[in-house]
1. Take the conditions within 16 Å of ligand 2 (Cβ to nearest atom), modelled with pLDDT of 90 or more and open to solvent by less than 70 Å² (accessible area, probe 1.4 Å) and apply them to Ala264. Does it pass?
2. List the pairs whose first member sits in the stretch 107-129 and is on the phi > 0 side of the Ramachandran plot, whose second member is surrounded by fewer than 17 Cβ atoms within 10 Å (Cβ to Cβ), and whose Cβ atoms are under 8 Å apart, counting only residues at least 6 apart or on separate chains?
3. Any idea which of (1) in contact with a helix residue (DSSP H, G or I) (Cβ under 7 Å, 6 or more places away or on another chain); (2) open to solvent by 10 Å² or more (accessible area, probe 1.4 Å) is the one Leu211 doesn't satisfy?
4. Does the stretch 323-340 contain at least one residue that is closer than 15 Å to Phe15 by Cα and under 19 Å from the mean Cα position of the chain (by Cα)?
5. Enumerate the pairs (first residue in the stretch 314-333 and farther than 13 Å from Leu3 by Cα; second residue anywhere and part of a helix (DSSP H, G or I)) with beta-carbon separation below 6 Å, excluding pairs fewer than 6 apart on the same chain, so at least 6 apart or on different chains.
6. What tally of residues in the stretch 217-253 results from selecting those that are part of a loop (DSSP other than H, G, I, E, B), away from ligand 2 (no atom under 16 Å from the Cβ), open to solvent by 10 Å² or more (accessible area, probe 1.4 Å) and not charged (D, E, K, R)?
7. Output yes when any residue across the stretch 177-190 is under 17 Å from the mean Cα position of the chain (by Cα), buried (at least 23 other Cβ atoms within 10 Å of the Cβ), among the polar types (S, T, N, Q) and within 23 Å of Pro337 (Cβ to Cβ), and no when none is.
8. Within the stretch 111-118, is even one residue within 16 Å of ligand 2 (Cβ to nearest atom) and either among the aromatic types (Phe, Trp, Tyr) or buried (at least 20 other Cβ atoms within 10 Å of the Cβ) (or both)?
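The values are calculated or read from the model by the stated rules, or taken from the named source; none is laboratory data. Quantities reported herein were computed from a predicted structural model and do not represent experimental measurements. Please note: Cβ atoms are built from the backbone with ideal geometry, for glycine as well, and neighbour counts cover all protein chains shown. Keep in mind that these areas ignore ligands, DNA and RNA; they rest on the heavy atoms of the full protein, side chains included. Shrake-Rupley method; radii C 1.70, N 1.55, O 1.52, S 1.80 Å.
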Amino acid sequence: TLLDIVALMLGLIHFGVPLAYYFYMKKKYLNKPWNIRVDENYRPKVSIILPTYNESRIIQARLDNIRGQDYPKSLMEVIVVDSNSSDGTAELVEESASRHRDIELRLIREGERRGKAHALNHGLKHATGEIVVIADADAMWPREALSETMKWFADPGVGAVSCLKKPVGSGVNSVEEGYREYYNVLRIAESKAHATPVFHGELGAFRRSLLEKLNGFPTDIGADDSHTATRIALMGYRAITPENILVEEIVPERGYFWWRVRRAQHLIQHFAKTLWMMKQAPREFKWVLAVEAFLHLVNPFLLLASITLLVASIATAQSTLALAITTLGVVLLVVKPYRTWIAQQLHLIIATFRNLKNKE
Ligand code: GDP
Ligand code: MN
């Protein structure tokens, strides 16, 4: 029937575009040279901005993690911006600072909570380093993360550098792991093409001069890290995630589903906002941006439409073809990458609707 044909076509586009993009990017870019002049010994002054809101469980371990970097302490400045945490986070930061005087640590206390990006901008005003690194509390950097990040900035064409993520903790599940495998390959390939439009707040490094040109981080959308990187890439600079900077992110045990929906909401806000900027993009980046925007904004709804038509076809015409495809679609859920994909589509669809009423 006609319903079946349309449903099949929508399904083919839904799965075909991301698969084609993945294999195309992998083949064309993954093994290419970076075309960036790195210098392993490049050591600019770094301002690390760590925004906190009720992070008492982890803040001291996180500060120790930053102190443990194999980067010269005289070239590091840590700026913690706490938004009136109610669990004593700020006091723990002060205590940690008084115990270790080997590193310059400044605590900024905001009187009220006005969001992460607002806190980052507050910290940025006090930053003096050539490079600003934003660092979430609930992530741990490997010892060489900073030096590995800074070597890329030796090239003046590099504007921003971020990390890849490795999910850890008891909240990790196969969906989260499968998602990372697929995405990390794309992040590297996109970076080699010119830039990746997805950055991570767990470690996001930016030239301070460029952040100032952009008037800081955007406070109107959730993905302040990704959006800032994209703006920098649109200015012609490289915004990259190298292969070897792997940051551990603690996956929440409870509320995993809504955590992922919140992340998806942020990415949707980010890509919706970039639609108006795409024209000025460097050629290689324009493609990446267009496909990623399609994948986040449109593609999940092709799946939804396809499923709806299949169900309608079964209900109205008792189509055996539609029944067979639907059954196959359900049975395939035992395959991990497929299950991961479907879960992500569900997150994106719910996130789109949730964005209409709650942008947080
Ligand atoms: P997610 O990683 O995107 O899920 O967000 P998190 O809840 O882990 O927040 C990332 C970082 O921003 C953490 O270090 C939080 O403590 C911090 N953060 C979140 N909201 C605020 C805020 O309103 N003010 C400040 N100063 N930090 C915040
Ligand atoms: Mn987090």
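1. yes
2. Listed pairs, sorted by first residue: Gly115/Thr219.
3. Failing condition for Leu211: (2).
4. Yes, the stretch 323-340 contains at least one residue that is closer than 15 Å to Phe15 by Cα and under 19 Å from the mean Cα position of the chain (by Cα).
5. Sorted first by the residue in the stretch 314-333, then by its partner, the pairs are Thr326/Leu310; Leu332/Tyr338; Leu333/Arg339.
6. Residues in the stretch 217-253 being part of a loop (DSSP other than H, G, I, E, B), away from ligand 2 (no atom under 16 Å from the Cβ), open to solvent by 10 Å² or more (accessible area, probe 1.4 Å) and not charged (D, E, K, R): 7 in total.
7. No, the stretch 177-190 contains no residue that is under 17 Å from the mean Cα position of the chain (by Cα), buried (at least 23 other Cβ atoms within 10 Å of the Cβ), among the polar types (S, T, N, Q) and within 23 Å of Pro337 (Cβ to Cβ).
8. Yes; the residues of the stretch 111-118 include at least one that is within 16 Å of ligand 2 (Cβ to nearest atom) and either among the aromatic types (Phe, Trp, Tyr) or buried (at least 20 other Cβ atoms within 10 Å of the Cβ) (or both).
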